[in-house]
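Before any comments, here is the structure.
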Amino acid sequence: MKFRTLLLLPILVILWIAAPAGAQTVTVTGSVEVTKSASQKTAPGSADVAVWLAPVGEAPVSHPKRKFTLVQKNKTFEPHMLVVPAGSEVDFPNKDPFFHNVFSLFDGKRFDLGLYEAGTSKSLRFDRPGISFLFCNIHPEMSAVVIALETPYYGVSNRAGRVSISDVPPGKYVLHVWREGSSPEALKALSRQVVVSSDSSSLGKLAVPDNATLPIAHKNKYGRDYENTTPGGTGYTPPR
């Protein structure tokens, strides 16, 4: 028994040496501060800022397939912003006591889930990277954003502005930042190359300006102005 153990030790040492460097990962952290514009009296909140790391000079990183959920409740989408790896499937359950019709005609994924009633759900796969602005064809006040990424290394800031990205292999990455309410030019200026290692895992503080016009003006899925629905939003008549 002791002889067999002695034979196994060199093999275990070789396997440990040959283990890929990617198996040793770190947690990348940072903070976000959304700065107000000159016309604003109070500073906006620093939550819901998406931060992700795209590997430099490498093929798209594979990631486990999983489902995400974007709930329709109280005439809102919960959460308002959802970040998913490209190829992920998203469920859209309707938890309101009336009809909804989720659609997107902007950038990323263009789709129309059609009209569906309370207590039912529909699903959609976000098969390519991009930013999709979502709306409801019945309730103009409803909006959401789905960000599909080619990388699994991402995080979303909390109310305190803190961001954490776990399981990042050491290497070179391009940092990207996105926030609804910040101009594309300002967000592009925040991109930069970073090196992640066990000794360098902090992104520092990211100053994100609040300098875009919200909400995004939109019409219904037919390209027309919204019409009043029946009281409580329980009915819907499509345009002829």
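Every read-out reported here was derived from the displayed coordinates using simple, explicitly stated rules and does not represent laboratory data. All of these numbers come straight from a predicted model, not from anything done at the bench. FYI the Cβ positions are ideal-geometry reconstructions off the backbone, even for glycines, and counts take in every protein chain you see.
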Asn74-Thr42 FRET efficiency (beta carbon distance; Förster radius 25 Å; 0.05 resolution): 0.50
Largest-first principal axis extents of the Cα set of the range 141-227 (Å): 57, 24, 23
FRET efficiency for Glu141 and Thr25, using Cβ-Cβ distance with R0 set to 35 Å, rounded to 0.05: 0.25
Extension gain from Ser166 to Ser197, taking 0.36 nm per residue of separation minus the Cα-Cα distance: 9.9 nm
Label point 7 Å beyond Cα of Asp225 along Cβ direction - residues of the range 122-144 with amide nitrogen under 15 Å: 140
Stretchable slack from Ala189 to Glu89, in nm (0.36 nm times residue separation minus alpha-carbon distance): 32.9 nm
Ordering of 121-130, 139-148 by packing [mean C-beta count within 10 Å, highest first]: 139-148, 121-130
Nonlocal amide H pairs with Met142, under 5 Å, H built at 1.01 Å: Cys136
Cut-off 10 Å between beta-carbons: net charge of the residues surrounding Gly45, Lys and Arg +1, Asp and Glu -1: -1
Distant-in-sequence amide H partners of Val83 (H built 1.01 Å from N, under 5 Å): Ile147
